[in-house]
Amino acid sequence: MSAFLTPDTLVLLLIEGLLLALMAVLLPSLWRLARRFDIGRTTPEQYALEKRAYLAGTLLRFMLWVKIALFVYFVYALDHLSGVITGAMCAAGVINAWDYGPLLLGWKLAGLYLFGSWLVLHRLDLSRENLPFSRLKFRLALGLAAFMGVEFALLIGYLDALDPATIVSCCGTLFSTANVSALGTLLAIPKAWLLGVFYALFALIVASALLRRSGLAALFSLLFLPVALLAIISFFSTYVYELPTHTCPFCLLQKEYGYMGYLLYFLLFAGTFSLLSAALAAKLVQEKARFALGLWLLGGFVALATWYPVGFYLKNGVFL
Amino acid sequence: MIRLTNVSKIYPLSGADSVTALENVSLSIREGELVVLKGISGSGKSTLLALIAAMTKPTSGDVVVAGRSVAKLPDRFASDFRRNTIGMIFQKFNLLGDLSAIDNVTLPLIPTHESASDIKERAYRILKSLGVKKRLGSLAKHLSGGEQQRVAIARALVGDPAIILADEPTASLDRKLTLDFVEMLKTMKQSGKTIVIATHDPLFFDLGIVDRVIEIDGGRLA
């Protein structure tokens, strides 16, 4: 059975395909808007473009929200496919079944931040009478169209390459410090160092947000993201699994662990995005950055991640 | 106060057909002026008022009201602009028939976040000044034509707008009620409001309260 023919992948392909088709329909309008929109003009063409901009902006906003929600379904589908792919115990084995699988995952993850940034720019644009970011946002939308095209091609390539008969590696192999790869090297970093950087960066984010240093808050949030992912894999996940040798970022998404990964990753991604977008908005419209939501989300992430080792220690009197 | 520059408005019909309601209209109205737009039905008077009120957008040209280019206003800003700057009186009054007179008048103030008691107080005062005190709780659909018109005027004035736009306000009134309306106009004018009335009622031109008459014919200024 091909991986194309599982219900999850069919739903995923159908929705992704529909969104791409809608984007293709929108492309000529986006092209015109990116080139010709000029709020200062009072010509018939400009008034027609303003109506078109409203429609295109509304459609794009809908599409990008669906894309963001679809990421969760993509991760769920990967996890579900582990029941079909030989050797895969979780989404880790499934995503690594093709050389470009991790690229696809990274692409989709980057998409979350790009789509979210566009939505923030769109909101800022509509919040001003003179629509100051319209031309910029439609130029960026052209870039998003190309981004979505590449993403769809990667998805097709990935699903085509998935062969249920081929044995893939499980997460125990992929996320081992013995793995001769860049990830293996990173996972070999001493945990004390990693945790030191993890909590120090979080403290710096909080401090720079409270001091209204938008640029620094954004920079530290960007740095925090990979460090936090590494800390989840290398340290925190072992306390969720209560097994020192089980270091996997994907098994967290499974029922056995209460689907905890969905909440953990939501807090991490939404928190860092919220901080980045608040800094971006502050820069664009010269207003005070609104960091409160991002700080609450990221604070929730750090508290939740920290709870697992602390809870384990309270229960057992030792760390793993 | 109000300036239109090379404004055209074309309504598309089915297929390639279209109706040109206004063609290359330029005019300006000063603060405190009472201006009558005169013209036969279909000449473009109502479209011109709708453009000033940011209820529709031109096909080309610019409309500047109270220093803002309302032709460019996105809808969410246009609503705020209308609530804060414009009082509109319609030919058929456009009251909500199943609401009482006072509720019709309080409606425009609800999004302003004033307290409910303040809103009621303002509505009461203005209805009282227009002589509708005894019918405050009556449903709008049960009011006479003259009463409905007064409630419509109260609704237009309750937000204390700088500009009053009236589209054929006396078309469904008899001569006595029309004269009453003219008296109300005088009061509004004395309070410094800019007033633009679209009408072809000759009474307005005979009573000497109008500062200027702008004639529109076939979508163009005559």
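Sorting A:105-115, A:11-21, A:268-278 by average packing, meaning the other beta carbons within 10 Å per residue, from highest down gives A:268-278, A:105-115, A:11-21.
Taking all protein chains together and rolling a 1.4 Å probe, A:Tyr100 ends up with roughly 130 Å² accessible. Each principal axis of the stretch B:76-169 carries a Cα extent, and these read 34, 33, 23 Å when sorted largest first. Counting only DSSP beta bridges with both residues in the protein assembly as shown, the antiparallel share comes to about 50 percent.
In the stretch A:36-50, the residues whose accessible area drops by at least 20 square angstrom when the other protein chains are added to the isolated chain are A:Ile39, A:Thr42, A:Pro44, A:Tyr47, A:Glu50; the probe is 1.4 Å and only protein heavy atoms count.
Would you please name the trypsin sites (Lys or Arg not before Pro) within the stretch A:143-222 that are DSSP coil residues with at most 11 other C-beta atoms within 10 Å of their C-beta? The partial results should precede the final answer.
Details: sites: A:Lys191, A:Arg212, A:Arg213; in loops: A:Arg212, A:Arg213.
For trypsin sites (Lys or Arg not before Pro) across the stretch A:143-222 that sit outside H, G, I, E and B with at most 11 neighbouring Cβ atoms in 10 Å, the list is empty.
Compared with the dominant principal axis of the Cα atoms in chain B, helix B:175-190 is inclined by about 80°.
Peptide B:58-70 has a mean shielding of 2, counted as Cβ atoms of other protein chains within 10 Å of each residue's Cβ.
With the biggest extent put first, the Cα atoms of chain A measure 73, 55, 31 Å across the principal axes.
At an R0 of 56 angstrom, the distance between the Cβ atoms of A:Asn316 and A:Thr58 translates into a FRET efficiency of 0.55.
Report the percentage of all Cα-Cα pairs in the stretch A:1-84 whose separation exceeds 19 Å, rounded to a whole percent. All intermediate terms of the calculation are to be shown ahead of the outcome.
Numbers: 1829 of 3486 pairs.
Percent of Cα pairs beyond 19 Å in the stretch A:1-84: 52.
All C-alpha pair distances within the stretch A:157-301, sorted into 5 Å bins from zero, spread as 2, 10, 16, 17, 16, 15, 10, 8, 4, 2, 0, 0 percent across the bins.
What separates the Cα centres of the stretch B:115-169 and the stretch A:124-162 is a distance of 50 Å. If you count Lys pairs in the stretch B:8-153 whose Cα atoms are under 28 Å apart, skipping same-chain pairs closer than 8 places in sequence, the total is 25. Its alpha carbons give the protein assembly as shown an Rg and a Dmax of 32.3, 99 Å. Measuring nothing but how far apart in sequence close Cα pairs (under 8 Å, 6+ apart) lie, relative to its length, chain A scores a relative contact order of 17 percent.
The DSSP beta bridges internal to chain B are antiparallel in roughly 50% of cases.
Calculation over all alpha carbon pairs of chain B in 5 angstrom steps from 0 returns a P(r) of 1, 7, 15, 18, 19, 16, 12, 7, 3, 1, 0 percent. Summing +1 for each Lys or Arg and -1 for each Asp or Glu among the other residues whose beta-carbon sits under 15 angstrom from that of B:Gln190 gives -2. Remark: accessible area buried at the A-B interface is about 1000 Å², both chains counted, probe radius 1.4 Å.
How much space per residue, in cubic angstrom, does the convex hull of the C-alpha atoms of the stretch A:3-161 take up? Kindly include the intermediate steps, with their values, before the conclusion.
Values: hull volume 14.9 nm³, N = 159.
Dividing the Cα hull volume of the stretch A:3-161 by its residues yields 94 Å³.
Per-residue ellipticity at 222 nm from helix content only, as computed over chain B with -39500 (n - 2.57) for each DSSP H run of at least four residues, stands at -9500 deg cm²/dmol.
The values are calculated or read from the model by the stated rules, or taken from the named source; none is laboratory data. In this text the structure is predicted, and so the values were computed from the model without any measurement. Heads up, the Cβs are rebuilt from the backbone with ideal geometry, glycines too, and the neighbour counts pull from every protein chain shown. Protein only, heavy atoms only, side chains kept; ligands, DNA and RNA dropped before computing areas. Shrake-Rupley method; radii C 1.70, N 1.55, O 1.52, S 1.80 Å.
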